[in-house]
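See below for the structure under consideration.
The values are calculated or read from the model by the stated rules, or taken from the named source; none is laboratory data. Since the structure is predicted, the reported quantities are computational estimates derived from the model, not experimental observations. Here the Cβ is made from the backbone with ideal geometry for all residues, glycine too, and neighbour counts use every protein chain on show. Ligands, DNA and RNA are excluded from the accessible area calculation, which covers all protein heavy atoms including side chains. Shrake-Rupley method; radii C 1.70, N 1.55, O 1.52, S 1.80 Å.
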Amino acid sequence: MAVSEEESDEGSADEPEILTGDHFMMGDTACAEGAIAAGCRFFAGYPITPASEVAERISQRFPGLPGAQYIQMEDEIASMAAVVGGSNAGKKSMTATSGPGISLMNENLGLAAMTESPCVIVNVQRGGPSTGMPTLPGQGDVMQARYGSQGDYPMIAYAPGSPQEMFDLTVEAFNAAERYRTPVIVLADQTVGHMTGKVSIPDSVETVDRPRPDDEIDPETFRPYDNSVQVPPMAAAGDGGRVHVTGLTHDERGHPDIDVETHETMLGRMMDKVDDNREEICRVERYRLDDADVALIAYGSMSRSAHDAVDQLRGEGVDAGLLRVVTPWPFPIDEIEGLSTVVDRIVVAEMNLGQYVTPVRAHADCPVDAHTHPGGAIPRPDDVADTVREVIR
């Protein structure tokens, strides 16, 4: 049943458990519907612009879903802690936040990584630092998404560029979180979150469930962090496995073991489960790159301006193309290295003062320039094209 944005915002009792069909929908709303379609049944969060609509939509929809639980916590620290708990209770779990909220969540995001608790964190970015520009877009959290918590841990992040992708990539984020037993970030921004557009929801979506132990768990031998496999089976609280869940370095049973060899083995497996599957996880989209001399690299809403800048430059006889990064993390090493061998120059366009350009430079074999913008509004295609014109003179 397709419903209008006005009808869907009211949380009509006539809505089915899973929406299907074509909808005119805000990006944040599409994100919530993607989570529901992916099987999310636990949400904990705290209101913050421009992500509040995700929580609002979830709060309207969860009462009609069997087994679904929504809770507004007292702050973002508690929200992320609740999400880790919900995951360990066996629920597909999620939160949504922005700016200062994601900064507060990062400690417990690290806990989710260490305890290998699958969950999804939606960051609808705004301009920063600090309180910054609550109602305006930015992309200043891209490096924080990878390195926001302390220590080394794997990270997967998706950067949607439209309301449709807010649905699609939220589904993918849940599937990746469950498949690899790890937290996953949907790295959106205010423009995409508050953009309204057509969202086509299929009759069914492919969903993934975390690996589970055999029907009978021996509480004396069950190893929830078994290092002989990349992604060990995960028991839910109450399944009888006597699982010890801790943020400390731990052995295969989950018991604290502050030992260099234990830490190296545990951390190596955690990193490998994402690094070894980089080819499967990493996603990019290529536009007019087959004969390009100069390539733009962009992600999220910025890729919309970059796309139009390519068309503008082509009209002027400049052989430009676009590599749109759909998964900023793990970093698409092969795609960047390959691109840099066939173009003369790369320009990284982003709504910050130069973050993603740093790893691009580290892996490129050609000159790399940056089109930077502090946020507040997506740069016009003309502005992006101007940077290309300047660097190729």
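Do any strands (runs of 3 or more DSSP E) entirely within the stretch 152-238 hold 3 or more residues that are among the charged types (D, E, K, R), within 18 Å of THR95 (Cα to Cα) and touching a strand residue (DSSP E or B) at 6+ places or on another chain (Cβ under 6 Å), and if so, which?
none
Which one of the conditions (1) closer than 24 Å to SER305 by Cβ; (2) within 14 Å of the chain's Cα centre (by Cα); (3) surrounded by fewer than 22 Cβ atoms within 10 Å (Cβ to Cβ); (4) not β-branched (Val, Ile, Thr) does PRO134 fail to meet, given that it meets all the rest?
For PRO134, the exception is condition (2).
Report every pair of residues separated by at least 6 positions or lying on different chains whose Cβ atoms are under 7 Å apart, first residue within the stretch 250-263 and under 16 Å from PRO233 (Cβ atoms), second surrounded by fewer than 16 Cβ atoms within 10 Å (Cβ to Cβ) and β-branched (Val, Ile, Thr).
GLY254/THR246
All but one of (1) farther than 21 Å from LEU136 by Cα; (2) of a type in the set (S, T, N, Q); (3) more than 21 Å from the chain's Cα centre (by Cα); (4) open to solvent by 10 Å² or more (accessible area, probe 1.4 Å) hold for SER340; which doesn't?
All conditions pass for SER340, except number (4).
Considering each of GLU76, GLU56 in turn, give the residue that is at pLDDT 95 or above, surrounded by fewer than 22 Cβ atoms within 10 Å (Cβ to Cβ) and in contact with a Pro (Cβ under 9 Å, 6 or more places away or on another chain).
GLU56
Restricting to the stretch 280-329, name every residue that is within 18 Å of the chain's Cα centre (by Cα) and part of a helix (DSSP H, G or I).
GLU280, ILE281, MET302, SER303
Which pairs have Cβ atoms under 6 Å, sit 6 or more apart or on different chains, and link a residue in the stretch 204-224 that is more than 18 Å from GLY238 (Cα to Cα) and open to solvent by 30 Å² or more (accessible area, probe 1.4 Å) to one that is assigned to a loop (DSSP other than H, G, I, E, B) and not aromatic (Phe, Trp, Tyr)?
Qualifying pairs under 6 Å: THR207/GLY39.
When you go through VAL368, VAL360, VAL326 one by one, which is the residue that is closer than 22 Å to MET271 by Cβ, touching a Lys or Arg at 6+ places or on another chain (Cβ under 9 Å) and either of a type in the set (Val, Ile, Thr) or touching a residue at least 40 places away in the same chain (Cβ under 8 Å) (or both)?
VAL326
Looking at (1) more than 21 Å from TYR147 (Cα to Cα); (2) open to solvent by less than 10 Å² (accessible area, probe 1.4 Å); (3) part of a helix (DSSP H, G or I), which is the only condition GLU335 fails?
Of everything listed in (1) more than 21 Å from TYR147 (Cα to Cα); (2) open to solvent by less than 10 Å² (accessible area, probe 1.4 Å); (3) part of a helix (DSSP H, G or I), GLU335 misses just condition (2).
Could you check the stretch 350-387 and list, in sequence order, the residues that are in contact with a Leu (Cβ under 6 Å, 6 or more places away or on another chain) and part of a helix (DSSP H, G or I)?
Scanning the stretch 350-387 gives a single hit, ALA385.
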